[in-house]
Structures are given as C-alpha cells and as structure tokens.
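What follows is a single structure, written as structure tokens, with notes after it.
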Amino acid sequence: MSLFSTIAVTIVTLLLTEPPPPCCSSPTSLMDPSRPTAPPTPTADYMTNDLRGWTVRVNPALIAEEELCRATLEELDHQLYMITRVIPKPALARLKDIEIWVELDMPKTACMCYHVSKDWLIPNGYNGDKEGSVEIGNARAFLGWTKGQPWMVLHELAHGYHDQVFGYDDPMIIAAWRRMADRGVYDKVGHISGKPRRHYALTNQMEWFAETTEALYGTNDFHPYVRSELREIDPQGARAVQQRWELDPIPMPAR
C-alpha cells in the first residue's frame, strides 16, 4: 500500500471513530480563541422561513441587524434558486431536507459549514439540533466570500448529500479522490485570486466531492472552474460525481 493510500485509510478510520468536526470548518487563524462561548440560542428562538423549499432558521441576533439580515437572506435565496435550476429533481428533493441555519457571528465558524454530528456541536458550545444541517456562521463573511465563491451554498449542501445519502466512507468517491490526488494534477492550479495554489479538493474525499460538484453544476473558485474544464481534466471524477447526483431513486439514507 502506498503512503498516500495509508493516509487515506487513516482519515476514513478517524471519521468513523472520532466526533467529526464540521466540513469546511474554519481555519483557527480566522477565529479568536480567547472569545468566550455563550450558551447556544434555543431552537425555538429562531425565526423559521421557507426559502425555495428549504427550512431556514435565522438567529434573532442577526434579525436585529436589519440590513445585514436582509442582504444575507437575499444572497441565500439567490443561490438556492440557482441550485434548483441545475440539480436533478430527485437529488434536489433530498437536498431540501437539509436545514440551513443563519447566524450573525458564531465563534468557531469563519463563514459557512456543514455540521456532521452533535458529538462535535455540543462540546463546542453549539446547538445540537444543527446536526446534519448547513450553517451560515458569519453573515458578513458569507456576503464577502460569495463574491469569489458564488456556489458556496451548493458546496455545503453537497457535503450533506454525501454524508446523509452515501456516507463519507463511500468507496467509489474515495477511490475517485485518491486517483485524482495520485495524478498530481491538482498540486498547483489556477485560483480566482489570480495566484496558483494547491486545490482544496485534495484535502479529503469530502472536499473533493463538494468541489467537483461546484465545477460540475456551477462555478468553482479553483481550476477546473466549470463543467467543460472538469471533464477535460478529470473525466472519470466528473462521471462519478454526476452519477451520484443523477441517481433515481435516491438510496435510503446512509446515516
């Protein structure tokens, strides 16, 4: 077994034995470790909305920031609308089961993430009801980051789809990620900033699936940016991910 394969197996083993952190969890450099963690806001205190068929829960602290709240929900609504235009209907129906929580400023979320487990949420001072949901943890960061990552919401929902329908240990997705990583093509790629960098998809199989989904159905911030480029650079990966999104019927939940 190659060194890379050994590392990949270790990652999957840890996912199955340790409380998993949120996907796209925030770099510690973006957070203040000295900031006290307040008790989580009770679920009943959130304002619940329906946006394009998704249940969206908005923290009252954000509602108090009227203009910021309006802009955040408008951007979220726009991205959800775009998702409804491109994702196959059976998969789209499953995505709409994933709740979206919208916060003013969570201490351990620099922008946006998908929460895998209450085993991480509760010890870290988060509401355990967020398990299996997507969170906009910082409304201002969300509005800023989406200028360069206009399909960020799809990226996080893709984590939920991957986790809840197939499981993060799905062998086909892991194999496709390993194959692409072994090729070295993603070691240095174009980025929307104009400065080449290591592709975020190399992080693990979860980020590979979500990044590939962005390029396949929208626009990614790393090259390959769009579907035609993806099919040229990673045709096998593009087919594997498209197959997962076009399943009908959708398999029973892996959770």
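The values are calculated or read from the model by the stated rules, or taken from the named source; none is laboratory data. Treat the numbers as computed from the prediction; the structure is a model and nothing was measured. Using ideal geometry, Cβ is built from the backbone for each residue, glycine included, and neighbour counts are taken over all protein chains shown.
With (1) crowded, with 22+ Cβ neighbours inside 10 Å; (2) modelled with pLDDT under 95 as the list, and residue 107 as the residue in question, which single condition is left unmet?
So the condition that residue 107 fails would be (1).
Since residue 84 meets every condition but one in (1) closer than 27 Å to residue 167 by Cβ; (2) surrounded by 10 or more Cβ atoms within 10 Å (Cβ to Cβ); (3) modelled with pLDDT under 95, which condition does it not meet?
(3)
Hey, among 130, 108, which residue is basic (Lys, Arg), in the same structural domain as residue 49 (by TED's automatic domain parsing) and within 15 Å of the chain's Cα centre (by Cα)?
Exactly one residue qualifies, and that residue is 130.
Every residue, every condition in (1) exposed (fewer than 14 other Cβ atoms within 10 Å of the Cβ); (2) under 28 Å from residue 118 (Cα atoms); (3) without any contact (Cβ under 8 Å) to a residue 60 or more places away in the chain, yes or no:
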| position | (1), (2), (3) |
| --- | --- |
| 206 | no, yes, no |
| 210 | no, yes, no |
| 221 | no, no, no |
| 226 | no, no, yes |
| 229 | no, no, yes |
| 242 | no, no, yes |
| 246 | yes, no, no |
| 252 | yes, yes, yes |
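Taking the stated definitions as given, is residue 186 surrounded by 19 or more Cβ atoms within 10 Å (Cβ to Cβ) and assigned to a loop (DSSP other than H, G, I, E, B)?
So residue 186 fails the test.
Output yes when any residue across the stretch 112-127 is on the phi > 0 side of the Ramachandran plot and touching a residue at least 40 places away in the same chain (Cβ under 8 Å), and no when none is.
Within the stretch 112-127, one or more residues are on the phi > 0 side of the Ramachandran plot and touching a residue at least 40 places away in the same chain (Cβ under 8 Å).
Considering each residue of the stretch 155-195, count those that are over 20 Å from residue 246 (Cβ atoms) and in contact with a strand residue (DSSP E or B) (Cβ under 6 Å, 6 or more places away or on another chain), and give that number.
Here the count works out to 3.
How many residues does the stretch 89-106 hold that are farther than 22 Å from residue 128 by Cβ and touching an Asp or Glu at 6+ places or on another chain (Cβ under 6 Å)?
1
Restricting the search to the stretch 152-189, which residues are of a type in the set (D, E, K, R), over 30 Å from residue 139 (Cβ atoms) and touching a Phe, Trp or Tyr at 6+ places or on another chain (Cβ under 8 Å)?
178, 182
I'd like to check something: does the stretch 91-99 contain any residue that is assigned to a helix (DSSP H, G or I), of a type in the set (Asp, Glu) and modelled with pLDDT of 95 or more?
The answer is no, given that none of the residues of the stretch 91-99 is assigned to a helix (DSSP H, G or I), of a type in the set (Asp, Glu) and modelled with pLDDT of 95 or more.
Counting only residues that are without any contact (Cβ under 8 Å) to a residue 24 or more places away in the chain and in a helix (DSSP H, G or I), which one in the stretch 145-183 is farthest from residue 80 (Cα to Cα)?
183
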